[in-house]
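Encoded as structure tokens, the structure appears first; notes follow it.
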Amino acid sequence: MHASAKKSIAFKKMSLQLITKLCLLGIATLPLTPLAMAQETTITTTLSTIDNILINPDIGITEHHSFNIKNDPWWNQPTHPETSVVYFRWYWEELEPQKGQYNFKLIDDTINQAAALGKTTVFRFMTMAGVDEVYYNNSPNAGKKILGIPCWLKQKIDPNTIGETCADDNSYTVDYKNPIFKKNLNRFLKAMGERYNNNPNILRLDVGLVGTWGEWNLASHKGYDRPTLGYHGYTDADLLPFPKMMKEAFPNKTLVMYLGSNDENILSHSTQRNYGWRADCIGDWELGWNHMEHGYPSTFEHAQGLGNNHNSYPDPQFLQRWKEAPVDFEICYTVDEWAAKKDIYTVEKVKQTFDTALDMHTSLLNLKSGNIPEIYQPLLDDFLKKVGYRFELNTVEVTSDFKAGSPFLISSSWKNTGVAPSYNNYPVVWRLRDRNDKIITYFETHNDIRHWLPADNKEDISPQYTQKNSFTLPDNITDDHYYLDVALVKPNTQQAAIKLGVEGVRKDKWHQVKSIYLMNNY
């Protein structure tokens, strides 16, 4: 064979070898095959979704005056779901027993204990309990009737409280119009805000300053037939200062307004100002009047200005406010109590309860830290796969010539297949990891996942969100196999925060997306 022909064949063989030097592959489903590319190339990977329950920040079932009820060694409910959020309520008298002397330790210990478990806290300040209700055994005030407001304040505003002590009697109904009450409450809230407004471990706060249990009614004290504030003489002007006090004390925190009733307009006034909303007694299907068939529908209509009672602050977009502020629910009884009334709380009715919560785009549901009877467990499992957000990474396109110092472009398509957005941003971060799991580099983005909304209706297909990011491969990266991982991280860190609804999750919550083989010498 002629020497020039041999040289040509050898050159072609070498070229063929070079073309196979670099390859991008999907998640550990194909062997690592080296390919080298002479020019910029785009490789696409499609990821497989999973159907697992994902325990993620800010969403799901909340603890109720507990921290880890599923696994608590002293008092546990093994059937209760895993949680990422704890929920606590305190009466004002617990937090300011003497004027100007604050029991910060009670709140600090709660927040810190939750944070040590990787959980955030939601809490409520209350000013009135039900008549004859007493503190539980784990309280320093165990056995005493709950005053709600501090004794020192009761002495100032209750003409029947005389002397230096308060009687063990909580039948007093707080006058929420009283200027002394309002002035002192505002001062108390400012003190709380100065300490907690910027605490990152507080997820949000209920605006629960008014009424029995902070529920914006006078139940127990005024009976149960019609204990609404509006019916008992309170006007919008009387009540609007309370959510305003909370906003002024906690300007950097998400606030959630109680659902209220058709006799007040505070809810719709608040939702137009970026407050979220919450409602108790979801799942109440009791015979006669109940929340599911009567209370909720009429209150929702009133909030939109469609009810029979005049609303001075109608919010026509009330049912769309979930796109910017959260919706939370709490059950009235326990799930065990549902199971004890199987003729009312049938599987079909309980499914309707969970579906209603999803239709309202709920992020948090409080089940009172109770047992979950086996009959309802499949319904709850299905609910947990949809409540709040659920992010899926569908496709990833990487464009590069895969050499040190070269551009590295990532286009990724995402979906939120849950029912609510994430109201906190967990930015997208990519990283390159070598075969020994050493991190070579991070590629940080400025993506804001708070805008990744789910479908308006849970049965509809979720919209896609495409993120395009431009990076540069490190100048000193050497020839070897690498892995491209992705995570939604805690802000200002490289700590993965959210588990995605796709395969490839690692122990550190990062997701392996592609394997890469770099060859810089060609």
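The values are calculated or read from the model by the stated rules, or taken from the named source; none is laboratory data. What you see is a predicted model; the values in this text were computed from it and never measured. Cβ sites come from the backbone with ideal geometry, for glycine too, and all protein chains shown count toward neighbours. Just so you know, the surface numbers come from the protein's heavy atoms only, side chains and all, with ligands and any DNA or RNA stripped out. Shrake-Rupley method; radii C 1.70, N 1.55, O 1.52, S 1.80 Å.
Is it true that Ala191 is in the same structural domain as Pro241 (by the TED database), among the small types (Gly, Ala, Ser) and not in a helix (DSSP H, G or I)? If you could, list the steps in order and put the result at the bottom.
Values: in the same structural domain as Pro241 (by the TED database): yes; among the small types (Gly, Ala, Ser): yes; not in a helix (DSSP H, G or I): no.
For Ala191, the condition - in the same structural domain as Pro241 (by the TED database), among the small types (Gly, Ala, Ser) and not in a helix (DSSP H, G or I) - is not met.
Could you tell me whether Lys119 is in the same structural domain as Thr212 (by the TED database) and within 22 Å of the chain's Cα centre (by Cα)?
Details: in the same structural domain as Thr212 (by the TED database): yes; within 22 Å of the chain's Cα centre (by Cα): yes.
Yes, satisfied.
Only one of these is assigned to a loop (DSSP other than H, G, I, E, B) and closer than 18 Å to Asp460 by Cα: Gly405, Gly370, Gly388. Name it. Lay out the reasoning, then the answer.
Details: Gly405 fails: closer than 18 Å to Asp460 by Cα; Gly370 fails: closer than 18 Å to Asp460 by Cα.
That would be Gly388, the only listed residue that is assigned to a loop (DSSP other than H, G, I, E, B) and closer than 18 Å to Asp460 by Cα.
Would you call Ala219 in a helix (DSSP H, G or I) and assigned by the TED database to the domain that holds Ala115?
On the way: in a helix (DSSP H, G or I): no; assigned by the TED database to the domain that holds Ala115: yes.
When the stated conditions are applied, Ala219 does not pass them.
Please name all residue pairs, on different chains or six or more residues apart, with Cβ atoms under 7 Å, provided the first residue is in region 380-401 and is under 30 Å from Leu518 (Cβ atoms) and the second residue is basic (Lys, Arg).
Going by the 7 Å Cβ cut-off, the qualifying pairs are Glu392/Lys415; Asn394/Lys415; Val396/Lys514; Val398/Lys514.
When you look at Asn170, is it part of a loop (DSSP other than H, G, I, E, B), more than 30 Å from the chain's Cα centre (by Cα), over 27 Å from Leu267 (Cα atoms) and in contact (Cβ under 8 Å) with a residue 40 or more places away in the chain, yes or no?
Details: part of a loop (DSSP other than H, G, I, E, B): yes; more than 30 Å from the chain's Cα centre (by Cα): yes; over 27 Å from Leu267 (Cα atoms): yes; in contact (Cβ under 8 Å) with a residue 40 or more places away in the chain: yes.
It is true that Asn170 is part of a loop (DSSP other than H, G, I, E, B), more than 30 Å from the chain's Cα centre (by Cα), over 27 Å from Leu267 (Cα atoms) and in contact (Cβ under 8 Å) with a residue 40 or more places away in the chain.
Does Lys177 qualify as being modelled with pLDDT of 95 or more and open to solvent by 10 Å² or more (accessible area, probe 1.4 Å)?
Working: modelled with pLDDT of 95 or more: yes; open to solvent by 10 Å² or more (accessible area, probe 1.4 Å): yes.
Yes: the conditions hold for Lys177.
Within the group Asn265, Asn201, which residue is among the polar types (S, T, N, Q) and over 19 Å from Gly305 (Cβ atoms)?
Numbers: Asn265 fails: over 19 Å from Gly305 (Cβ atoms).
Selected residue: Asn201, the only one of Asn265, Asn201 that is among the polar types (S, T, N, Q) and over 19 Å from Gly305 (Cβ atoms).
How many residues, within region 382-441, are open to solvent by 10 Å² or more (accessible area, probe 1.4 Å) and hydrophobic (A, V, I, L, M, F, W, C)?
Within region 382-441, residues that are open to solvent by 10 Å² or more (accessible area, probe 1.4 Å) and hydrophobic (A, V, I, L, M, F, W, C) number 5.
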